[in-house]
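The values are calculated or read from the model by the stated rules, or taken from the named source; none is laboratory data. Keep in mind it's a predicted model, so treat the numbers as computed, not measured. Note that each Cβ is placed from the backbone with ideal geometry, even for glycine, and that neighbours are counted across all protein chains shown. Surface areas here come from the heavy atoms of the whole protein model, side chains and all, with no ligands, DNA or RNA. Shrake-Rupley method; radii C 1.70, N 1.55, O 1.52, S 1.80 Å.
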Amino acid sequence: MPMKENILFGEPLFRKLEEEKAGGKLMVAEVAPAVRVALGEMFGFEPGRNTMGKIVSLLRKLGFDYVVETPLGADIATYYEAMDVKERLEKGTGKYPIFNSCCIGWRTYAQAKHPELLKNITIIASPQMTMGAVARFYLAKKLGRKPGDISIVGIMPCTLKKNETDEKMKNGHRYVDYVVTTVELAQWAKGKGLDLARMEDGALSEIMPGSSRDGMVFGVSGGMSDAVLETMAGLMGEKTEVVDLDEDGAIRTKTVKIGKHELNIAVVQGFPNFEKIYDEIQSGKRYHMVEVMMCPYGCVGGPGQPPLALERVKERRAGLVRAGGESRSKTPLDSPGLKALMDEFLETMGRKKLEELIYFNR
Ligand code: SF4
């Protein structure tokens, strides 16, 4: 099998990123939500402690010019996903169930075991890809740089997310150039003699807005469903019950009422549990949305995170839900930063170009 040039691990990855910086690339880190409640464990903090401010400072010391957050990509993906589902409901069109795209483990599993379901996976790219594409083109425009002069690096809780560096948009650019996992970030920092615990709290680069609470909770099982339902209800001028993010259970099903619509939702952790839901679907049960996450409790329990007893992964989940609660806006709809980004950039480029950035290139 040929090696994929951008899928690198450990020291060769760190050297490559240092070479890119030395070669004049503008280095941009986008940090996934689950990283902020787990990286600290490798520096003496308890699981669930939100160290995002310190992570920003650490990334700057490692050479990143801009630090932005993947939850903003989740907000963008949520907004356009909610618009799509709303339109399907109102027109009575479209295929159900709609599956999530945010979990690459699930997408890989579907491709291998259930290719018949690929058409039901939302066309909107994962939050990492959406954020990478939007950051590349927005920063290029704002800073007068070429998109290819920018190196987008995902800081992710997931080793499998490295595979997203292999995907290119229709315009030929990668959504994301490299991925560093949570564990790798700790190794890289320690190799440079940097201690997260000694970092001051830094702030995200102001050039791009921070996310809403909904974007942040994508890192826990149920977070994506919660975000899309809440946003869709907001678009319809309605309110809805949200998915209980603290609730345990490898399969959670619920009927959610939004205006005159009743939506059957399933939130699933792990593939054996997905198969149980799929058996139901094949027997005629109608689900509108099914969220599948490969890892226990979602990305907080991802394979790129420091090893932790399963029971304690709940502490990361609680930490991330708390961190989301501190966001200035609750949904993408009440985020002034996202609104400004849409008015200035996303909604001015024309639908075709927008789709190049936020859709999978299928
Ligand atoms: Fe990766 Fe696991 Fe998150 Fe899926 S649930 S994106 S496999 S960390």
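Quick notes on this one:
- Centre separation in Å (Cα based) which lies between region 294-340 and region 105-145: 19
- Computed about its Cα centre, the charge dipole of the chain is approximately 620 debye, with only Lys, Arg, Asp and Glu carrying charge at their Cβ.
- Table column - 3J(HN,Hα) (Hz), region 216-224, Karplus curve with 6.51, -1.76, 1.60, x for Gly and Pro: 5, 7, 4, x, 10, 4, x, x, 5
- Euclidean distance between Cα centres, region 182-222 to region 1-33, Å: 17
- Helix 182-191 and the longest principal axis of the C-alpha atoms of the chain enclose an angle of approximately 10°.
- Percentage of interatomic Cα-Cα distances in region 105-218 larger than 16 Å: 71
- On Cα atoms only, tilt of 10-22 relative to the major axis of the chain in degrees: 70
- Highest average packing first - 149-157, 23-31, Cβ atoms within 10 Å: 149-157, 23-31
- Ranked packing of 94-107, 211-224, 275-288, 34-47, most packed first, by mean Cβ within 10 Å: 211-224, 34-47, 94-107, 275-288
- Think of the chain as a dipole: +1 on every Lys or Arg Cβ, -1 on every Asp or Glu Cβ, centred on the Cα centre; then among Cys295, Pro272, Leu13, Leu13 lies furthest on the positive end.
- Accessible area of the chain belonging to carbon and sulfur atoms, whole % at 1.4 Å probe: 51
- FRET efficiency, 1/(1 + (r/R0)^6) with R0 41 Å, evaluated for Glu238 and Lys141 via beta carbons: 0.70
- Net charge over other residues, Cβ less than 11 angstrom from the Cβ of Cys299 (K, R count +1; D, E count -1): +3
- Modelled label positions at Arg15 and Glu87, each set 7 Å beyond Cα in the direction of Cβ, lie 4.8 nm from each other.
- Å² per residue, accessible surface of the chain at 1.4 Å: 41
- Cα long-axis angle, helix 70-91 against the chain (0 to 90 degrees, to the nearest 10): 20
- Spin-label model, Lys257/Leu308: points 7 Å from Cα along the beta carbon direction are separated by 3.8 nm.
- Förster radius 45 Å - calculated FRET efficiency between Ala112 and Arg198 (Cβ-Cβ, nearest 0.05): 0.55
- Backbone N under 17 Å from the Asp334 label point (7 Å along Cα→Cβ), restricted to region 217-233: 217, 226-233
- Rounded to the nearest 5, the antiparallel percentage of DSSP beta bridges internal to the chain is 30%.
- Residue-by-residue Karplus 3J(HN,Hα) for region 168-181, coefficients 6.51, -1.76, 1.60, Hz, glycine and proline x: 10, 6, 4, 7, x, 7, 6, 5, 9, 8, 9, 10, 10, 7
- Using a probe of 1.4 Å, the accessible surface attributed to Leu354 totals some 0 Å² when neighbouring protein chains are kept in position.
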